[in-house]
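The values are calculated or read from the model by the stated rules, or taken from the named source; none is laboratory data. Keep in mind the model is a prediction, meaning the values are calculated, not measured. All Cβ positions, even for glycine, are placed from backbone atoms using ideal geometry, and neighbour counts span all protein chains on display. With ligands, DNA and RNA removed, areas are computed over all heavy atoms of the protein, side chains included. Shrake-Rupley method; radii C 1.70, N 1.55, O 1.52, S 1.80 Å.
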Amino acid sequence: MKISPNQLVIIKPDDWHLHVRDKEIMKAVLPESYRWASRAIIMPNLVPPITTGEDARLYANRIKACIDKDINFEPLLTLYLTEETEAEDVVSAYRKKIIKAVKLYPAGATTNSSNGVKNIDSVYSVLGAMSEQGIPLLIHGEVTDPQIDIFDREAVFIEKILVPLRNDFPDLKIVMEHITTEQAVSYVLNEEKNLAATITPHHLVVNRNVMLSGGIKPHYYCLPVLKRESHRLALIRAATNGDNRFFLGTDSAPHIDKTKIDVCGCAGVFNAPFAVEILAQLFDNLGVLNRLEAFLSLHGAEFYGMPYNKERLTLKKTDIPLQMPENLETKEGKITIFDPLMEVYWQIVK
Ligand code: DOR
Ligand code: ZN
């Protein structure tokens, strides 16, 4: 990594949690990620979800068909775990290098999760096989019990589901996706092995006041929902302390505006377009630019046992703040781009 006051050269980043959807939306959003990322873990919550190795193979082909040959971008596919998932299919897709991981959505926890897991015991045979084969389990860590307050669902998930699960499968590699609380940060820090967490740009940059105070702002609604400021500060400490169990997963989750601005709006923040610029500015503001490359480009590769990317990404600090467009036009409608509500002077130059 090379840092000078106005220039930064880092190993090209990866995005360890990304939604690219399908068809026209996919065509429109993919360039926003391959502009700065070499690889991305692709989430499987399509309608219908990617539940088999064959679904994943076909989806990977559709993604690759949208990317020009001269662009270096590797989609890393995941399977959507259901109570019907067969261990042999998971293992075979992993051995054939069709998938990199399996995603656990508790049924009803988030967008397109109705086919997810209702009872964790019913997927124990699959988890056993994954543990043996070293296949990572990526977890949306929130309980779905309507009795549990939405702001407590991650902390309760850790206590009620994750702790027992890790006792039963100590060798299973787990990523807690898009963590949002100080409880999740402490849990990861206190565990010895096989546990890491992704953190999103939006959970690092804004808190729940931004979404709920002075009028409701649907473009800041995501799941897990934004939390109070003390949690955001805990996430910042995790992302900037150099600990390699924390790495970037944008959870960039595009929805066209009319489905977000609705009486029952969808959860998801579309942050892929300026994720790197925003994080460079955040780390700069905190005086920890020297920690940026590790969070964006090193820690995830280390967890997944993959080489660092050979390419580099160069950023420049400019005198005038970046003018970020408000939205991305697609054939299905406009998608609003995440507004970090701060001035960003860093720009990607190549
Ligand atoms: O805000 C979110 N949007 N959280 C998720 O877990 C899913 C995602 C989506 O797919 O839209
Ligand atoms: Zn997601």
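Taking LYS173 as the residue in question, decide whether it is under 20 Å from the mean Cα position of the chain (by Cα), within 16 Å of ligand 2 (Cβ to nearest atom) and open to solvent by 30 Å² or more (accessible area, probe 1.4 Å).
Criteria not met by LYS173.
Could you check the range 292-309 and list, in sequence order, the residues that are among the small types (Gly, Ala, Ser) and part of a helix (DSSP H, G or I)?
ALA294, SER297, GLY300, ALA301
Please go through the range 210-231 and pick out each residue that is among the aliphatic types (A, V, I, L, M) and open to solvent by 30 Å² or more (accessible area, probe 1.4 Å).
Within the range 210-231, VAL210, LEU212, ILE216 meet the criteria.
Please enumerate the residues belonging to the range 35-56 that are more than 18 Å from ALA93 (Cβ to Cβ), open to solvent by 10 Å² or more (accessible area, probe 1.4 Å) and within 16 Å of ligand 2 (Cβ to nearest atom).
Answer for the range 35-56, where residues must be more than 18 Å from ALA93 (Cβ to Cβ), open to solvent by 10 Å² or more (accessible area, probe 1.4 Å) and within 16 Å of ligand 2 (Cβ to nearest atom): just VAL47.
If we scan the range 103-121, do we find a residue that is away from ligand 1 (no atom under 15 Å from the Cβ), among the hydroxyl-bearing types (Ser, Thr, Tyr) and in contact (Cβ under 8 Å) with a residue 40 or more places away in the chain?
no
Can you find even one residue in the range 181-191 that is under 24 Å from SER38 (Cα atoms), aromatic (Phe, Trp, Tyr) and not in a loop (DSSP other than H, G, I, E, B)?
Among the residues of the range 181-191, not one is under 24 Å from SER38 (Cα atoms), aromatic (Phe, Trp, Tyr) and not in a loop (DSSP other than H, G, I, E, B), which makes the answer no.
Quick check, is ASN207 touching a residue at least 12 places away in the same chain (Cβ under 8 Å), buried (at least 24 other Cβ atoms within 10 Å of the Cβ), under 20 Å from the mean Cα position of the chain (by Cα) and on the phi < 0 side of the Ramachandran plot?
Taking the combined requirement at face value, the residue does not satisfy it.
The conditions are (1) within 18 Å of LYS103 (Cα to Cα); (2) of a type in the set (S, T, N, Q); (3) without any contact (Cβ under 8 Å) to a residue 12 or more places away in the chain, and THR259 fails exactly one of them. Which is it?
(1)
Show the residue pairs that are 6+ apart or on different chains and have beta-carbon atoms under 7 Å apart, the first residue being within the range 319-347 and open to solvent by 90 Å² or more (accessible area, probe 1.4 Å), the second being of a type in the set (Lys, Arg).
none
Being farther than 13 Å from LEU204 by Cα and crowded, with 22+ Cβ neighbours inside 10 Å is the filter here, so list the residues in the range 270-288 that pass it.
If the condition is that a residue be farther than 13 Å from LEU204 by Cα and crowded, with 22+ Cβ neighbours inside 10 Å, then PHE270, ALA272, PRO273, PHE274 are the ones that fit.
Quick check: is even one residue across the range 260-271 within 16 Å of ligand 2 (Cβ to nearest atom), closer than 20 Å to PRO75 by Cβ and outside any loop (DSSP other than H, G, I, E, B)?
The answer is no, given that none of the residues of the range 260-271 is within 16 Å of ligand 2 (Cβ to nearest atom), closer than 20 Å to PRO75 by Cβ and outside any loop (DSSP other than H, G, I, E, B).
Of (1) more than 16 Å from ligand 2 (Cβ to nearest atom); (2) touching a residue at least 12 places away in the same chain (Cβ under 8 Å), LEU212 satisfies all except one. Which?
Tallying (1) more than 16 Å from ligand 2 (Cβ to nearest atom); (2) touching a residue at least 12 places away in the same chain (Cβ under 8 Å), LEU212 fails exactly one: (2).
Please return the ranges of strands (runs of 3 or more DSSP E) entirely within the range 1-102 where 3 or more residues are in contact (Cβ under 8 Å) with a residue 24 or more places away in the chain and closer than 24 Å to TYR308 by Cβ.
Filter on the range 1-102 gives 7-11, 15-18, 39-42, 74-80.
Just to check your reading of the model, which residue among ALA234, ALA239 is under 25 Å from PRO254 (Cα atoms), in a helix (DSSP H, G or I), open to solvent by less than 50 Å² (accessible area, probe 1.4 Å) and modelled with pLDDT of 95 or more?
Residue meeting the stated conditions: ALA239.
Assess whether LEU165 counts as being more than 16 Å from ligand 1 (Cβ to nearest atom), aliphatic (A, V, I, L, M) and either farther than 22 Å from VAL269 by Cα or open to solvent by 10 Å² or more (accessible area, probe 1.4 Å) (or both).
Considered against the rule, which asks whether it is more than 16 Å from ligand 1 (Cβ to nearest atom), aliphatic (A, V, I, L, M) and either farther than 22 Å from VAL269 by Cα or open to solvent by 10 Å² or more (accessible area, probe 1.4 Å) (or both), LEU165 comes out as yes.
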